[in-house]
Amino acid sequence: MIKFSQWIVVALAISTHSFVLGGETFPESELLNESVPASESSLYQPISLSIPEGTACASGATCAPDSMAAQDCVNQLCLPECQCCNFLDQFLLNHSPVYPTLSSRRIRVGGWLDQGFTGNFQKPSNNFNLPVTFNDRSNEYQMNQLYMFVERPVDFGGDQADWGFRADLLYGTDYFYTTAFGLETRSDGQPHWNSSNGPRTANGYNYSMYGLALPQLYAEVYLPFLSGVSIKAGHFYTPIGYERVMAPDNFFYSHSYTMQYGEPFTHTGVLGTVQVNDQLQLLAGVARGWNAWEDPNDDAELLAGIGWTSASQDTNINLTMTTGDQDNGASSSANRTLISFVLSHNFTDCLTYVFQSDFGIQDNGTINSQFQVVPAKWYSFNQYLYYDVTDKFAVGARFEYFRDQNFSRVLQLPQFLSTGGNYYELTVGANWRPHPCVTVRPELRFDWSDTRTPLLNVQGPYRNFQSDYQVLLGGDVIIRF
């Protein structure tokens, strides 16, 4: 059952700011900006990448909802975010006897292919870049995401009630970090439909390198109250934090520790979004826990948040939160609370700065030196800076400090045997679009940490637990279709 104190926390979150909880650990923006369009003055939009129907494409053509097959838009190779420029959509319109009817009802499909390579100068013996995840294999090609979706987006902001849905399929190496208990894995963590023959391990089981995940499957209704109200029910990505699972939504190929170890990836439940006015958006919902399709304990978690955009559209602030009892292995009903704050500001049309800070606490999360079961805490400070050199090329940098105070999130080490718990990473990279549908993301990343457990021969978290630093040179190519 949800404690009364948790409802008080949620009320405070909505009335003042907003809170967040982070993702599950493996050995997983504008939060509230799902429907708020981004400015098109920047090559990369770090807060909101959504582009509304009717928005002009890079070529100047306009994609109206009823003209998805407009030949001029296709010939001019508009960005695939424009619905009429989705190449898979165009192929089905021309070759499928059923799809044109579906398309006329605003049902569309799309996707992308994301593949990359990460070089590790230290050449770890287990061929893993851990604790860096997603691009976790060293000196080895990875097809991270072969991603497809089918959706009927709601007409958010319209004058009439509307309905919609979305279903996403992800095949590739990234599947491992988006699995949900009771869906891709059984309730005990054993792989469900993917192979258990592979180099990855979690929950006492082996996992294949490549697999299939269903990260989103939800229905949505829109009601024309205030400036718009939507209610989403099903399985969906978390609104918490800044970085996202979907490759095109991120500037960098690799991910922050905050996203990897401090935040959830998905929820299963009901989520409501209220657009109060052009500048204020509220979010509230109930879900079944972090990365859970099924919850054997039937413990609910609360989601809440508030988003604000300045009148000039240059500044965005989002405060989000999740709180509720979770099964953390040691206890089946231990409260976990996460608060996430994200601020984005456009200094110029070309220069954008993003600041993120998370704080999380897990009851019954660790055992201290007196062999007492105590809460485990983690927090982080992330900074991002992006500069658009041209309309096709941008550079960026990310600096992060992640504090795993009780050693419960990253390496999950015994607290009474370990020292340190501080993780730092500096990443510099670029985005280059040689073609409107192709994004190339090279990056250089330097990680270091003071985490050690000498009695377990853990000299550091890198190079198979034998080093306190790591240097990665990698990148990927995203091809949208």
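The values are calculated or read from the model by the stated rules, or taken from the named source; none is laboratory data. Here the structure is a predicted model, which is why all the values come from computation and not from measurement. Methodologically, a virtual Cβ is constructed for each residue, glycine included, from the backbone with ideal geometry; neighbour enumeration extends over all protein chains shown. Note: areas computed on protein heavy atoms with side chains; ligands, DNA, RNA excluded. Shrake-Rupley method; radii C 1.70, N 1.55, O 1.52, S 1.80 Å.
Sorted largest first by accessible area at a 1.4 angstrom probe radius, with every protein chain in place, the residues Cys350, Cys437 fall in the order Cys350, Cys437.
Please give the FRET efficiency for Ile231 paired with Leu455, using the beta carbon to beta carbon distance and R0 = 56 Å, rounded to the nearest 0.05.
0.60
Karplus-based coupling profile of segment 98-106, in residue order and whole Hz: 9, 4, x, 5, 5, 5, 5, 9, 6, with θ = phi - 60° in 6.51 cos²θ - 1.76 cosθ + 1.60 and x standing for Gly or Pro. The modelled label-to-label distance for the pair Phe91/Lys392, using points 7 Å beyond Cα in the direction of Cβ, is 2.4 nm.
For Gly198, the residues 5 or more places off, or on other chains, whose built amide H falls under 5 Å of its own are Tyr207.
A cut-off under 15 angstrom between Cβ atoms defines the neighbours of Asn457, and their net charge, with Lys, Arg +1 and Asp, Glu -1, is +1.
Indicate the gyration tensor shape class of segment 219-290 (rounded, prolate or oblate), computed on the Cα atoms with a ≥ b ≥ c the square roots of the eigenvalues: a/c under 1.5 is rounded; otherwise a/b larger than b/c is prolate and the rest oblate.
prolate
Taking label positions 7 Å along the Cα-Cβ direction at both Val150 and Asp349, the computed distance is 4.1 nm, reported to one decimal. Values of log10 I(q)/I(0) for segment 235-356 across q = 0.13, 0.14 Å⁻¹ run -0.58, -0.67, by the Debye formula with one identical scatterer at each alpha carbon and no solvent.
How would you classify segment 97-194 from its alpha-carbon gyration tensor, with a ≥ b ≥ c the square roots of the eigenvalues: rounded for a/c under 1.5, else prolate if a/b is greater than b/c, otherwise oblate? Judged from the Cα gyration tensor, segment 97-194 comes out prolate (a/c at least 1.5, a/b above b/c).
What the phi angles of segment 202-207 give under the Karplus curve with 6.51, -1.76 and 1.60, with θ = phi - 60°, is a coupling list of 6, 6, x, 10, 8, 9 Hz, glycine and proline written as x. Per residue, the convex hull spanned by the alpha carbons of segment 148-214 comes to 95 Å³. Count Lys and Arg as plus one, Asp and Glu as minus one, and take only other residues whose Cβ is under 14 Å from that of Leu226; the net charge is then -2.
The 3J(HN,Hα) values that the Karplus relation (6.51, -1.76, 1.60; θ = phi - 60°) gives for segment 351-365 are, in residue order, 10, 10, 10, 10, 10, 9, 9, 10, 9, x, 9, 10, 5, 6, x Hz. Gly and Pro appear as x. Of the listed residues Met148, Met321, the order by accessible area with a 1.4 Å probe, largest first, is Met148, Met321. Under a 5 Å amide H cut-off, with hydrogens placed 1.01 Å from N, Phe481 pairs with Gly111, Trp112, Leu113 among residues at least 5 apart or on other chains.
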